[in-house]
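Here's the structure, in structure tokens; my notes come after.
The values are calculated or read from the model by the stated rules, or taken from the named source; none is laboratory data. Everything numeric here is computed off the predicted structure, so don't read it as measured data. With ideal geometry, Cβ positions are generated from the backbone for all residues, glycine too; neighbour counts draw on all protein chains shown.
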Amino acid sequence: MSNRWKPNEEQIKQISTMAGLGMTETQISAVMDVSVSTYQLALKKDLALYQSVLKGRALVSSNILKTAYNQAMSGNTAMLIFWLKCRERWSPPREDSLERVEDGYAFDNGENS
């Protein structure tokens with residue numbers, strides 16, 4: 001395990017795939033048979049390697065987001081709620097913020113307390 005390790009093109013593609021699948025630096029360095037510090041040094045010094053890791057993560061994320069979006073748009077209620085919570089920072093109203101619908105008042109914003 002040399003500190004001068006430089007991955008070849010095939011290894012860079014493999015690392016990109018592993019990074020996209022969510023493998024940690026420790027796991028990737030184990031597969032590449034280098035120490036974690038050697039792998040991290042290569043990431044800092046090799047722009048092609050660094051960019052391939054970012055690209056691998058982005059490609060997988062975009063595929064997952066596309067699937068989640070399609071599920072939400074097709075009427076999957078759970079995915080729709082998940083999408084809104086994650087992407088739009090939405091949360092359902094808390095039960096203690098709503099009053100019973102009586103006398104035409106449905107929402108208590110606390111201003112009349």
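In summary, T67 fulfils each of the numbered conditions (1) assigned to a helix (DSSP H, G or I); (2) of a type in the set (V, I, T); (3) in contact with a Phe, Trp or Tyr (Cβ under 6 Å, 6 or more places away or on another chain) with the single exception of condition (3). In the range 3-46, of all residues being within 28 Å of I64 (Cα to Cα) and among the small types (G, A, S), the one that is surrounded by the most Cβ atoms within 10 Å (Cβ to Cβ) corresponds to A19.
Is there a residue in the range 72-93 that is of a type in the set (A, V, I, L, M), part of a strand (DSSP E or B), surrounded by 10 or more Cβ atoms within 10 Å (Cβ to Cβ) and at pLDDT below 90? No: zero hits.
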